[in-house]
1. Would you be able to say whether some residue in segment B:46-69 is of a type in the set (Gly, Ala, Ser) and closer than 29 Å to A:Thr54 by Cα?
2. Do you know which residues across segment A:4-37 are part of a loop (DSSP other than H, G, I, E, B) and at pLDDT 95 or above?
3. Between a residue in segment A:3-14 that is in contact (Cβ under 8 Å) with a residue 40 or more places away in the chain and any residue that is of a type in the set (Ser, Thr, Tyr) and open to solvent by 20 Å² or more (accessible area, probe 1.4 Å), which pairs come within a Cβ distance under 6 Å, given they are 6 or more apart or on different chains?
4. Pairs under 7 Å by beta carbon, first residue of a type in the set (A, V, I, L, M) in segment A:48-74, partner assigned to a loop (DSSP other than H, G, I, E, B) and open to solvent by 50 Å² or more (accessible area, probe 1.4 Å), six or more apart or different chains?
5. Going by the conditions given, is B:Val102 out of contact with any helix residue (DSSP H, G or I) (no Cβ under 8 Å at 6 or more places or on another chain), surrounded by 13 or more Cβ atoms within 10 Å (Cβ to Cβ) and at pLDDT below 95?
6. Across segment B:32-54, what is the number of residues that are open to solvent by less than 40 Å² (accessible area, probe 1.4 Å), farther than 28 Å from A:Gln111 by Cα and away from chain A (no Cβ under 11 Å)?
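The values are calculated or read from the model by the stated rules, or taken from the named source; none is laboratory data. All values derive from a computational prediction rather than experimental measurement. Here the Cβ positions follow ideal geometry from the backbone for every residue, glycine too, while neighbour counts run over all protein chains shown. Protein only, heavy atoms only, side chains kept; ligands, DNA and RNA dropped before computing areas. Shrake-Rupley method; radii C 1.70, N 1.55, O 1.52, S 1.80 Å.
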Amino acid sequence: NAGVTQTPKFQVLKTGQSMTLQCAQDMNHNSMYWYRQDPGMGLRLIYYSASEGTTDKGEVPNGYNVSRLNKREFSLRLESAAPSQTSVYFCASSEAQGLVFEKLFFGSGTQLSVL
Amino acid sequence: DAKTTQPNSMESNEEEPVHLPCNHSTISGTDYIHWYRQLPSQGPEYVIHGLTSNVNNRMASLAIAEDRKSSTLILHRATLRDAAVYYCILRDPLQGGSEKLVFGKGTKLTVNP
């Protein structure tokens with residue numbers, strides 16, 4: 001099983017450039033998430049999608065847009081990259097197990113540097 | 001949301017048990033305790049979760065204090081592959097989905113050969 005697949009794994013951008021980070025999951029999960037992790041820090045939620053066709057802001061949404069293209073895919077777009085967006089980006093999906101517990105599955109991350 | 005407090009780092013020796021503590025003195029009655037870990041250069045992975053009773057699975061055990069104000073993740077025999085950052089997270093399922101999971105800085109576990 002592939003699980004959660006992120007592309008690309010590494011990317012270097014110049015300030016002002018745009019790019020889209022791709023994420024796909026093959027586990028038929030309804031919910032998907034984008035996090036960023038800065039050096040020595042925990043993960044912070046950027047956007048999430050509880051189901052196909054819906055998206056909501058997380059803790060740090062400024063400077064990002066997302067698209068839930070279908071149930072499998074959830075992309076993150078940087079319209080005008082800034083050095084403050086240098087980070088490692090993780091995509092995740094979740095499986096609801098009953099009414100009280102959801103288990104998150106993460107991709108391996110995209111390391112983004114903005115010069 | 002109730003917060004958790006974990007030591008920044010811990011060390012252990014290979015094949016010895018490891019007890020990773022987590023304090024959550026403001027936990028509510030409906031908060032579940034989750035543990036995830038993040039291996040170097042990887043995304044976090046689920047380890048275990050519980051509400052009141054101690055829990056065991058193939059990866060670890062979770063011991064929850066009777067007053068639920070603290071918990072301990074137990075790795076019974078640490079291996080070099082267990083070197084990771086371990087996150088203790090509280091989540092109230094009545095307050096929404098997994099978007100409510102807040103990953104702090106966690107505890108960085110070093111395992112010595």
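1. From segment B:46-69, those of a type in the set (Gly, Ala, Ser) are B:50, B:53, B:60-61, B:63, B:65; that's our starting set.
Adding the requirement that they be closer than 29 Å to A:Thr54 by Cα leaves none.
No, the conditions are met nowhere in segment B:46-69.
2. If the condition is that a residue be part of a loop (DSSP other than H, G, I, E, B) and at pLDDT 95 or above, then A:Pro8, A:Lys9, A:Lys14, A:Thr15, A:Gly16, A:Gln17, A:Ser18, A:Asp26 are the ones that fit.
3. Final answer for the pair search is A:Val12/A:Ser113.
4. Listed by first residue and then by second, the contacts come to A:Ala50/A:Asn30; A:Val66/A:Thr55.
5. yes
6. Count: 1.
Matching residues to (1) β-branched (Val, Ile, Thr); (2) within 21 Å of B:Arg37 (Cα to Cα); (3) within 14 Å of chain B (Cβ to nearest Cβ); (4) surrounded by fewer than 17 Cβ atoms within 10 Å (Cβ to Cβ):
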residue	(1), (2), (3), (4)
A:Thr54	yes, no, yes, yes
A:Ser67	no, no, no, yes
A:Ala82	no, no, no, yes
A:Gln111	no, yes, yes, yes
